[in-house]
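J.: Dropping a structure here in structure tokens format, bear with me for questions.
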Amino acid sequence: MSRSSMWEAVGGIVRRDLLLAMRRRSDAAMSVFFLVIVVSLFPLGVGPEPAVLRTIGPGVLWVAALLACLLSLARVFTADYVDGTLEQMVLVPQPLAVLVVGKVFAHWVISGLPIVLLSPLLGLQFGLSGESLGVLVMSLLLGTPTLSMIGTIGAALVLGVRGSGLLVALLVLPLYVPVLIFGAGAVTGSMAGIGAEANLSLLGACLVLSLFLAPWATAAALRIALE
Amino acid sequence: MLQAVTLSCRRGERRLFSDLTIKVEPGTLLAVVGENGSGKTSLLRIFSSLLPPDEGSILWDGEDIHQLKELYSGQLTYIGHLNGIKDDLTPLENVMSAINLTGEACSRTAAQEALEAIGLKRPVHRLPSKVLSQGQKRRVALARLWLSTRPLWLLDEPFTSLDAASTGVVTQRLHAHLQRGGLAVIVTHQEVDLPVERVQRLRLTG
């Protein structure tokens, strides 16, 4: 097992998943639409008072981003499980955890990155300042990969279970809470003038921790699912 | 050499087989036959390391496969009863991504030749796989055999939904693999048209 063959395998997975997403754009667009709709409904619902919107803005944006991530989780492994590609993935001479990282990366590019890129535009609706928008993007850039990483553990655990969508939410939401608190906290902090560094550092720590642990947990769950 | 030592397997309450000991030498094929539900696929999955046996172990060249892990995965090509192909990709993309997944490079020409070898003509290579027939999808999955350099092949019902001509082609490919000193374990309902000295039959009674 050489290093180049490992890259070949991971690159192969990423390429294939991105190609599949290109062929089924509607699937990929769903979570982005969900985010846009939820975030746009809030100003309509609570009224146009700028002070109120500015207060709830970071929280609403972060909750919507989190739910949009959750929505796309069910798709990560289901198709591979049903058509047998997952068996092939488990039986390759590379460590499964490394392939899982490739899989999560592709999933993040498809469903997380658009959220990050779109967030400044959505933040404008809530009257966030330029600096806060920067912090929002930064916090989502650190936070959404963490959400994908943690989420895939849940997605792998419920493979082959009926009504798995709700079960994933139950499993994963408690683990999402710290990310949500630090993420929304970073934006609120920058608005209040106390700085976002502390929260952003914590988000970074969450990302590193999940990068390190989640792939192993996911790999173990996948093996159990295939038995 | 592939060995199963005092293997037993239970699915739920049912005992599928127990105390199964068998040896597959290089250059030979083990054909697992038996009724539906007698544990053929479970046995193949145990051989592939997807399913851990309840008791006993599988040895590859004398070493336990659960110790060898990825080293063992590098020795085998497994084609289960699921084809492992994506409906939204073309046959060509499917073959190439399946080979990439194993950590090997696969050129477009090599993939095309493999698909042609199993009787899928060029125009079909560019269609999305969802429009293919069952037999054609099976052939896309089996095309990997023409690109595989692994010594051990594990095939679950390779001939299902194949026509007579394709069955012959796949059998020839299996023969060539055995002649090169490869091993194969296949689950099948059909007689395999290979020289008698190369085939070992195992009947599971369930």
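The values are calculated or read from the model by the stated rules, or taken from the named source; none is laboratory data. Quick caveat, the model's predicted, so the values are computed rather than measured. As a convention, Cβ positions derive from the backbone with ideal geometry for all residues, glycine included, and neighbour counts pool all protein chains shown.
J.: Pick out the one residue from A:V100, A:V76, A:V63 that is surrounded by 23 or more Cβ atoms within 10 Å (Cβ to Cβ), part of a helix (DSSP H, G or I) and away from chain B (no Cβ under 14 Å).
T.: A:V76
J.: Report the residue count in segment B:13-24 for those that are out of contact with any helix residue (DSSP H, G or I) (no Cβ under 9 Å at 6 or more places or on another chain) and closer than 12 Å to B:G39 by Cβ.
T.: Result for segment B:13-24: 3.
J.: Still on this structure, please answer the following. Please work out if A:S40 is within 11 Å of B:G103 (Cβ to Cβ) and either β-branched (V, I, T) or surrounded by fewer than 16 Cβ atoms within 10 Å (Cβ to Cβ) (or both).
T.: Taking the combined requirement at face value, the residue does not satisfy it.
J.: Name the pairs: first residue in segment B:122-135 and among the charged types (D, E, K, R), second residue in a helix (DSSP H, G or I), Cβ to Cβ under 7 Å, at least 6 apart or on different chains?
T.: Pairs found: B:R126/B:L92.
J.: Moving on to the next point. Does B:L132 qualify as being farther than 15 Å from B:I79 by Cβ and crowded, with 19+ Cβ neighbours inside 10 Å?
T.: Yes.
J.: Here is a follow-up. I want to confirm something. Restricting to segment A:183-227 and keeping residues that are over 30 Å from A:P95 (Cβ atoms) and under 16 Å from the mean Cα position of the chain (by Cα), which single residue is surrounded by the most Cβ atoms within 10 Å (Cβ to Cβ)? Full working, then the answer.
T.: Taking segment A:183-227 as the starting set, the residues that turn out to be over 30 Å from A:P95 (Cβ atoms) are A:183-200.
Filter again for under 16 Å from the mean Cα position of the chain (by Cα), leaving A:183-184.
On the way: A:G183: 33, A:A184: 24.
By that ranking, first place goes to A:G183.
J.: Considering segment B:58-109 alone, what residues qualify as being of a type in the set (A, V, I, L, M, F, W, C) and surrounded by fewer than 16 Cβ atoms within 10 Å (Cβ to Cβ)?
T.: Listed by number, the residues that qualify are B:L71, B:A105.
J.: Follow-up. So B:G56 ticks every box in (1) assigned to a strand (DSSP E or B); (2) within 23 Å of B:W146 (Cα to Cα) but one. Which box is left unticked?
T.: Result: B:G56 passes all but (2).
J.: Next up: Identify all residues within segment A:15-31 that are at pLDDT 90 or above and either crowded, with 19+ Cβ neighbours inside 10 Å or more than 10 Å from chain B (Cβ to nearest Cβ) (or both); write none if there are none.
T.: A:R16, A:D17, A:L18, A:L20, A:A21
J.: In the set A:A169, A:A155, A:A106, which member is touching a residue at least 40 places away in the same chain (Cβ under 8 Å), closer than 30 Å to B:W153 by Cβ and assigned to a helix (DSSP H, G or I)?
T.: Being touching a residue at least 40 places away in the same chain (Cβ under 8 Å), closer than 30 Å to B:W153 by Cβ and assigned to a helix (DSSP H, G or I) holds for just one of A:A169, A:A155, A:A106, which is A:A106.
J.: Out of all the residues in segment B:129-152, is one or more within 14 Å of chain A (Cβ to nearest Cβ), at pLDDT 90 or above and touching a Phe, Trp or Tyr at 6+ places or on another chain (Cβ under 8 Å)?
T.: Among the residues of segment B:129-152, at least one is within 14 Å of chain A (Cβ to nearest Cβ), at pLDDT 90 or above and touching a Phe, Trp or Tyr at 6+ places or on another chain (Cβ under 8 Å), which makes the answer yes.
J.: One residue is enough: does segment A:26-36 have a residue meeting the conditions in a helix (DSSP H, G or I) and among the charged types (D, E, K, R)?
T.: yes
J.: Where the second residue is hydroxyl-bearing (S, T, Y) and surrounded by 18 or more Cβ atoms within 10 Å (Cβ to Cβ) and the first is at the interface with another protein chain (Cβ under 9 Å from one of its Cβ atoms) and lies in segment B:45-69, which pairs have Cβ atoms under 6 Å and are six or more apart or on separate chains?
T.: Correct list of pairs: B:S48/B:Y78.
J.: Inspect segment A:158-165 for any residue being of a type in the set (D, E, K, R) and over 30 Å from A:A97 (Cα atoms) and give the result as yes or no.
T.: no
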